[in-house]
1. Of HIS104, PHE44, VAL135, which is farthest on the positive side of the dipole of the chain, counting Cα position, with +1 on Lys and Arg Cβ, -1 on Asp and Glu Cβ, and the Cα centre as origin?
2. Enter the Cα centre distance for the pair region 26-54 and region 92-122, rounded to the nearest angstrom.
3. Please get the size of the charge dipole for region 1-150, origin at its Cα centre, with Cβ charges of +1 on Lys and Arg and -1 on Asp and Glu, quoted in debye to the nearest 20.
4. Where in the chain are the DSSP H helices whose C-alpha atoms run 15 Å or more along the long axis and whose mean Kyte hydropathy is at least -1.0?
5. Give me the percent relative contact order of the chain, please, defined on Cα pairs under 8 angstrom at least 6 residues apart.
6. Determine the gain in length on full extension of the stretch ILE7-ARG114; use 0.36 nm per residue of separation and subtract their C-alpha separation, reporting nm with one decimal.
7. For the chain, set up a Gaussian network in which alpha carbons nearer than 10 Å are linked by springs, and say which option among SER68, SER88, SER121 fluctuates the most.
8. How many nm separate the modelled label positions at VAL55 and GLU122, each set 7 Å beyond the Cα in the direction of the Cβ?
Amino acid sequence: MARQLLIGIAGAVLGVIGWLCVGLFMQRREHNRQARNAGRAVYFELGANQLAIFVALEYGTFGTLSRSTFDAFLPQLATWLTAVEVQSLVLAYLGQGGYAQLAHDDGLPADIRRAALAAWSETHQEALEQLKRKVFSPQEVAALERKAAEQQARLFAVQPLARRRGG
């Protein structure tokens, strides 16, 4: 009788431990899926912002930058991304105040304006590259890069770089 009771208790303990392990595994997997989806949303917001910065750099026309997706998902991403990846995202978004100032201050010399925009574009590109590796599969990355290359080719076919820069 005592032996059966001991076996029953041991089975119950092992069952609870197993149930907890499976629950933790499933919860972690769901958190990673949600964080990956949040990272994808931020990736596309960053891409749109980088396009606005590119247009400002190349054509002098300032569009609006967005940060609502970043603000909504930063807490979730901060628990999933490494410190370097979070820092990269934060730096990209911190430049928005300076971008807005450039958009409204016509008194700045053109070379300072171009240098600031180029730096912000580079910061966005770094954040995009880090996020891309984290939130997309290698097949998705390849498809995104093919699509981007096609779009860039069409853009430059319409207006070659030398003509845009006055040369």
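We did not get these values from a lab; they are worked out from the coordinates using the rules stated. All values derive from a computational prediction rather than experimental measurement. Counting neighbours? That spans all protein chains shown, and the Cβs are built from the backbone with ideal geometry, glycine included.
1. Checking the options against the dipole of the chain, the answer is VAL135.
2. 25
3. 940
4. Span-like helices in the chain: 2-59, 68-78, 83-94, 110-135, 138-158.
5. Normalised by residue count, the contact order of the chain is 27 percent.
6. 31.0 nm
7. Of the options given, SER68 has the highest mean-square fluctuation.
8. 2.5
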